[in-house]
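Peer 1: What follows is a single structure, and I will ask about it in a moment.
The values are calculated or read from the model by the stated rules, or taken from the named source; none is laboratory data. Please read all numbers here as calculations on a predicted model, not as lab measurements. No Cβ is skipped: glycine too gets one built from the backbone with ideal geometry, and neighbour counts run over all protein chains shown. Only protein heavy atoms, including side chains, enter the accessible area calculation; ligands, DNA and RNA are left aside. Shrake-Rupley method; radii C 1.70, N 1.55, O 1.52, S 1.80 Å.
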Amino acid sequence: MENIEQRSKQLAKTYEPNEVENRIYRFWMEGGYFHAVPNSGKKPYTIVIPPPNITGQLHMGHALDNTLQDILIRWRRMQGFEALWMPGTDHASIATEAKIVEAMAKEGISKEDIGREGFLKRAWEWKETYGSRIINQLKKMGSSCDWERERFTMDEGCSKAVREVFVRLYEKGLIYRGERIINWCTHCRTSISDAEVEFEEKEATFYHLRYPLTDGSGYLELATTRPETMLGDTAVAVHPDDERYAHLIGKNVILPIVNKEIPIISDTYVEMDFGTGVVKITPAHDPNDFEVGLRHNLPVVTVIDEGGIMNEFAGKYSGMTIMECRKEIVKELEEQGWLVKTEPLKHNVGSCYRCRTVIEPRISMQWFVKMEPLAGPATEAVKNRYTRFVPERFEKVYFHWLENIRDWCISRQLWWGHRIPAWYCQDCGYVTVGRDDPSVCENCGSSDIKQDEDTLDTWFSSALWPFSTLGWPDKTPELDYFYPTNTLVTGYDIIFFWVVRMMFSGLEHTGKVPFDTVFIHGLVRDAQGQKMSKSLGNGIDPLEIIEQYGADALRFTLAAGNSPGNDMRFTTEKAEASRNFANKLWNAARFILMNIGDNKVELGLPDKLELEDKWIASRFNSVAAEITENLEKFELGIAVQKLHDFIWDNFCDWYIELCKSRLQGENASGGRQVLVFVMTGTLKMLHPFMPFITEEIWQTLPHEGEALMISPWPEYDTALDFPEEEREMERIMEAIRAIRNRRAEMNVPPSKKAPVYIETAFIPTFERGAVFFEKLAWASEIKVGSGFELDRAISIVTADATIKIPMDELVDKDAERSRLTREKEAVKKRLDGVMARLNNKAFTSKAPADVVNTAKENAARLNEKLTLLEQSLLNL
RNA sequence: GGGCGCAUAGCUCAGCCGGUUAGAGCGCUUGCUUCACACGCAAGAGGUCGGGGAUUCGAGUUCCUCUGCGCCCACCA
């Protein structure tokens with residue numbers, strides 16, 4: 001307390017976030033306030049962080065995601081929950097491996113040069129160097145994660161969970177290995193899952209080719225966008241019902257250039273209306289053709305290798321890239337007369353979501369998770385409301401995806417990741433899969449076994465994140481207490497990648513849903529509404545915003561702009577407005593501190609409350625109730641907006657102003673007490689949104705407890721409910737606004753004070769409020785009563801009072817008359833509207849009582865105002 | 001081919017269960033060296049809530065339909 005004066009002197013005129021933020025964050029860390037422990041006697045509330053990639057740098061998406069999580073976790077912590085925000089990072093196999101390979105390339109080293117061991121050593125070093133970068137950036141945001149529990153998807157515990165899950169699923173027959181056609185990225189040189197393929201409509205050329213019938217009776221015309229794959233054609237297909245070709249089914253055609261006989265088959269996969277109704281079948285390089293090939297037992301001829309180069313089966317084209325080969329083939333087909341025509345065609349092309357390289361469907365031996373048995377429970381859990389989405393519409397997306405799900409290809413031809421725990425016996429061929437690394441074949445005992453070279457899809461480990469981080473598969477107190485977690489906060493763009501997989505994994509392995517609520521947010525876009533991206537270079541760096549405006553301003557901007565599930569635009573103008581708000585708050589605190597001076601301030605409200613005290617207390621109270629409700633409903637944007645309005649409008653623009661004269665007089669201590677009470681209470685509610693500045697101010701003001709971040713959340717208190725005083729204050733405020741309005745219209749400067757005569761039926765109210773008119777309505781003198789006889793005065797009419805201000809030289813009776821008449825007409829028009837409703841039997845009989853009552857009160861007020869206006873006109 | 005979202009003040013967006021005179025920030029206009037704050041104060045202008053129809057005592061809000069943007073999913077080569 002003794003340092004308040006000292007502190008208040010230190011308070012700069014404008015808030016300087018940078019120094020404050022680092023100091024406050026350290027203070028929280030030293031206090032251990034972020035740490036949550038099991039079985040504390042409190043109810044748990046848990047959020048697991050979507051683990052950022054170790055390659056990552058904080059971008060606006062992270063900033064939004066983490067702001068929302070921190071708001072929720074701080075709020076729940078203050079509400080008295082044992083709030084755990086579980087942090088960590090993801091190894092991000094493809095992205096990380098690509099980065100390391102890239103870095104090595106600069107040194108002229110390739111993966112093969114240093115081998116698997118050497119590569120992994122480098123990768124871990126890389127992780128040690130860069131893995132903490134994103135974590136430090138999250139700290140700059142103010143994130144109150146339990147850093148003592150920080151995890152990594154490839155740490156010992158997570159790896160153990162991954163191994164356990166793999167073995168369990170394998171033993172249940174839900175993981176299998178097989179030769180399938182999968183999505184192959186020729187750049188990353190690995191398979192990727194269906195979810196990792198991004199489709200984009202592209203302009204292509206549709207080549208119409210003709211293949212001659214072997215019996216010499218003619219040709220079969222077909223069309224393709226990929227002529228180079230004809231080298232791997234093993235059939236042509238038509239629809240069984242297609243009369244045009246029915247007589248040809250079973251006959252053969254000669255594959256041009258290759259000069260090989262291939263059969264004409266029929267399959268319902270062929271669309272009769274599309275192209276010529278004839279499709280060339282290349283089982284090795286097209287997923288549909290692969291299926292057709294299976295149905296018809298067609299041979300598979302692979303002509304493209306894993307690097308996107310034509311292989312030895314491509315004959316003379318061997319060694320060419322796909323595009324080179326296409327060019328050559330088309331040229332040759334044309335020369336030989338097999339090319340009928342070309343036409344432009346728009347069609348969907350899949351590309352790798354990491355590197356944008358066109359996906360090459362490719363047959364290879366891979367590991368898969370059988371999805372059908374897992375998808376059912378995941379669907380049911382949401383249908384039965386064990387987990388819900390906010391906003392709800394995303395459930396539809398979730399269901400749809402699960403309904404159409406195909407088996408998940410989980411093996412990756414990468415080194416950085418969890419290596420597949422399968423060992424192949426070189427003698428008997430048996431596959432040994434186990435929790436511990438085997439030294440011999442489980443089947444024949446041979447010691448000549450080799451581990452699978454592949455690693456698992458990154459998402460395989462992230463899918464376990466909600467429980468692997470809590471200790472699963474061990475039965476830990478953490479798992480028991482914090483699991484299932486409560487809220488999962490993420491963007492709609494990773495529902496498929498992550499949310500779905502956590503859902504079915506959680507259900508399969510723990511028997512419980514991993515979280516009760518999935519809170520979905522949208523993308524942060526730039527000022528033009530474009531997606532922020534590296535290639536466009538339009539990204540706004542959150543760290544720069546923090547540097548310039550402060551972390552609180554960044555958070556406020558993101559929170560205020562959040563409407564569940566919707567995208568938002570980020571502009572520096574918004575950040576600036578948020579910074580201004582922080583400064584407003586800062587100065588309100590400065591004002592209070594200056595007025596406290598050396599005085600001791602008792603905590604809590606004073607015994608005797610003035611009218612304005614009851615008004616602000618009552619407003620504060622309803623705001624507390626509303627905001628809590630908004631937060632419960634995940635309406636964070638609305639909540640923070642309400643706080644903003646309360647602080648700026650009610651507290652700063654009115655209450656502080658109302659207090660000013662009182663703070664100079666006898667009753668100053670009560671005012672100081674109320675100021676501190678409302679300010680600290682408001683700081684509590686604002687804290688989850690703007691943690692740094694609120695903590696800093698709170699520490700400076702008289703307070704109870706060691707930190708704002710662990711002080712109790714304000715609750716609605718019936719003792720603070722003063723509806724009558726709120727109405728009274730409204731009457732006074734309306735009168736003050738009306739006077740200000742009139743004076744502004746007449747261009748009367750504040751320096752020109754004038755007496756104010758108030759004629760009203762609410763004499764006690766206005767007598768109590770009289771003092772406010774001096775400062776806020778520039779009154780030189782106030783009289784409250786009735787029947788004031790004033791010769792040259794302007795009249796200002798509210799529903800509750802007629803205010804007269806003598807201003808000889810400024811009064812123009814004609815202007816007054818026309819103004820009052822205009823106002824009268826406006827009031828009359830509105831009154832007519834209300835009366836029309838009240839005279840409508842259908843309205844009075846069908847509308848609920850409170851709506852009818854409001855209308856009646858309204859009519860009464862309008863009536864009153866109309867009467868007052870008419871009187872003023874008569875008295876002119 | 002399915003599904004979803006958005007369309008409200010000059011700009012960016014709120015607006016929950018339908019219910020007084022539709023809000024905020026920025027911008028704009030006018031005035032203000034008011035002893036917390038010009039990153040401020042006071043006052044103000046600005047909206048037939050995309051078009052049409054329906055339900056209702058009452059619709060920005062519900063339903064249908066149309067238009068325009070945007071997104072997601074899907075194996076017509």
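Peer 1: Filter region A:722-777 for residues that are in contact with a strand residue (DSSP E or B) (Cβ under 6 Å, 6 or more places away or on another chain), open to solvent by less than 60 Å² (accessible area, probe 1.4 Å), within 16 Å of RNA strand B (Cβ to nearest atom) and more than 28 Å from A:Phe620 (Cβ to Cβ) and give the result.
Peer 2: A:Arg742, A:Ala754, A:Val756, listed by residue number.
Peer 1: Take region A:255-270 and flag every residue that is within 24 Å of A:Cys325 (Cα to Cα), in a loop (DSSP other than H, G, I, E, B) and open to solvent by less than 60 Å² (accessible area, probe 1.4 Å).
Peer 2: So in region A:255-270, the residues within 24 Å of A:Cys325 (Cα to Cα) come out as A:255-262.
With in a loop (DSSP other than H, G, I, E, B) added as a condition, the list becomes A:256-259.
Result: A:Pro256, A:Ile257, A:Val258.
Peer 1: Could I ask something else about it? Which of (1) within 15 Å of RNA strand B (Cβ to nearest atom); (2) open to solvent by 50 Å² or more (accessible area, probe 1.4 Å); (3) more than 26 Å from A:Leu174 (Cα to Cα) does A:Ile304 not meet, given it meets every other one?
Peer 2: (2)
Peer 1: Every residue in region A:557-582 that is assigned to a loop (DSSP other than H, G, I, E, B) and either under 14 Å from A:Leu68 (Cα atoms) or within 8 Å of RNA strand B (Cβ to nearest atom) (or both), please. Walk me through it before giving the result.
Peer 2: First pass over region A:557-582, keeping only residues assigned to a loop (DSSP other than H, G, I, E, B): A:561-567, A:570-571.
Of everything in region A:557-582, those that are assigned to a loop (DSSP other than H, G, I, E, B) and either under 14 Å from A:Leu68 (Cα atoms) or within 8 Å of RNA strand B (Cβ to nearest atom) (or both) turn out to be A:Gly561, A:Asn562, A:Ser563, A:Pro564, A:Gly565, A:Asn566, A:Asp567, A:Thr571.
Peer 1: Continuing with this model, one more query. Among the residues of region A:841-856, which ones are of a type in the set (Gly, Ala, Ser) and either more than 6 Å from RNA strand B (Cβ to nearest atom) or touching a His at 6+ places or on another chain (Cβ under 6 Å) (or both)? Walk me through it before giving the result.
Peer 2: In the first step, residues of region A:841-856 are kept if they are of a type in the set (Gly, Ala, Ser); the result is A:842, A:845, A:847, A:849, A:855.
The answer is A:Ser845, A:Ala849, A:Ala855.
Peer 1: Only one residue in A:Leu374, A:Leu414 is more than 30 Å from A:Val101 (Cβ to Cβ), of a type outside the set (D, E, K, R), buried (at least 16 other Cβ atoms within 10 Å of the Cβ) and at pLDDT 95 or above. Which one? Before you say what the answer is, go through the steps one by one.
Peer 2: On the way: A:Leu414 fails: more than 30 Å from A:Val101 (Cβ to Cβ).
Within the list A:Leu374, A:Leu414, the selection yields A:Leu374.
Peer 1: Related question: Mind checking which strands (runs of 3 or more DSSP E) fall wholly inside region A:274-390 and carry at least 3 residues that are of a type outside the set (Asp, Glu) and touching a residue at least 60 places away in the same chain (Cβ under 8 Å)?
Peer 2: Passing ranges, in order: A:339-352, A:359-369, A:388-390.
Peer 1: Which residue pairs have Cβ atoms closer than 6 Å, lie 6 or more positions apart in sequence or on different chains, and pair a first residue in region A:789-809 that is free of Cβ contacts under 8 Å to residues at least 24 places away in the same chain with a second residue that is of a type in the set (Val, Ile, Thr)?
Peer 2: What qualifies is A:Arg792/A:Val811.
Peer 1: Are there any pairs, at least 6 apart or on different chains, whose C-beta atoms fall under 9 Å, with the first in region A:224-250 and within 24 Å of A:Leu345 (Cα to Cα) and the second buried (at least 22 other Cβ atoms within 10 Å of the Cβ) and of a type in the set (Gly, Ala, Ser), and if so, which?
Peer 2: So the pair list comes out as A:Glu228/A:Ala314; A:Thr229/A:Ala284; A:Leu231/A:Ala314; A:Gly232/A:Ala284; A:Gly232/A:Ala314; A:Ala235/A:Gly293.
Peer 1: Next question. Show me the strands (runs of 3 or more DSSP E) entirely contained within region A:187-239 in which 1 or more residues are within 13 Å of RNA strand B (Cβ to nearest atom), open to solvent by 20 Å² or more (accessible area, probe 1.4 Å) and in contact with a Cys (Cβ under 9 Å, 6 or more places away or on another chain). Walk me through how you get there before you give the answer.
Peer 2: Values: elements: A:190-192, A:197-212, A:219-224, A:235-238.
So the answer is A:197-212.
Peer 1: I'd like the full set of residues that are away from RNA strand B (no atom under 13 Å from the Cβ) and open to solvent by less than 10 Å² (accessible area, probe 1.4 Å), limited to region A:657-677.
Peer 2: Residues satisfying the conditions are A:Gly670, A:Val674, A:Val676.
Peer 1: Of A:Glu198, A:Glu243, A:Glu228, which residue is of a type in the set (Asp, Glu) and touching a helix residue (DSSP H, G or I) at 6+ places or on another chain (Cβ under 9 Å)? Explain how you work it out, then say what you get.
Peer 2: Details: A:Glu198 fails: touching a helix residue (DSSP H, G or I) at 6+ places or on another chain (Cβ under 9 Å); A:Glu243 fails: touching a helix residue (DSSP H, G or I) at 6+ places or on another chain (Cβ under 9 Å).
On inspection, the qualifying residue turns out to be A:Glu228.
Peer 1: Something else about it: Return only the number of the condition from (1) within 11 Å of RNA strand B (Cβ to nearest atom); (2) crowded, with 19+ Cβ neighbours inside 10 Å that A:Val623 does not satisfy.
Peer 2: Tallying (1) within 11 Å of RNA strand B (Cβ to nearest atom); (2) crowded, with 19+ Cβ neighbours inside 10 Å, A:Val623 fails exactly one: (1).
Peer 1: Quick check on A:Gly350: is it under 30 Å from A:His208 (Cα atoms) and among the small types (Gly, Ala, Ser)? Walk me through it before giving the result.
Peer 2: Details: under 30 Å from A:His208 (Cα atoms): yes; among the small types (Gly, Ala, Ser): yes.
For A:Gly350, the condition - under 30 Å from A:His208 (Cα atoms) and among the small types (Gly, Ala, Ser) - is met.
Peer 1: Specify the residue that is nearest to A:Ser578 (Cα to Cα); the eligible residues are those in region A:626-638 that are touching a helix residue (DSSP H, G or I) at 6+ places or on another chain (Cβ under 7 Å) and more than 10 Å from RNA strand B (Cβ to nearest atom).
Peer 2: Start the filter on region A:626-638 by keeping residues that are touching a helix residue (DSSP H, G or I) at 6+ places or on another chain (Cβ under 7 Å), which leaves A:626-627, A:630-631, A:636-638.
Then drop every residue that is not more than 10 Å from RNA strand B (Cβ to nearest atom), which leaves A:627, A:631, A:636.
Details: A:Ile627: 19, A:Leu631: 20, A:Leu636: 15 Å.
Result: A:Leu636.
Peer 1: Turning to a different aspect of this structure: Only one residue in A:Leu585, A:Leu643, A:Leu554, A:Leu611 is away from RNA strand B (no atom under 12 Å from the Cβ), in contact (Cβ under 8 Å) with a residue 12 or more places away in the chain, under 27 Å from A:Lys139 (Cβ atoms) and open to solvent by less than 10 Å² (accessible area, probe 1.4 Å), so which one is that?
Peer 2: Sole residue among the options that is away from RNA strand B (no atom under 12 Å from the Cβ), in contact (Cβ under 8 Å) with a residue 12 or more places away in the chain, under 27 Å from A:Lys139 (Cβ atoms) and open to solvent by less than 10 Å² (accessible area, probe 1.4 Å): A:Leu554.
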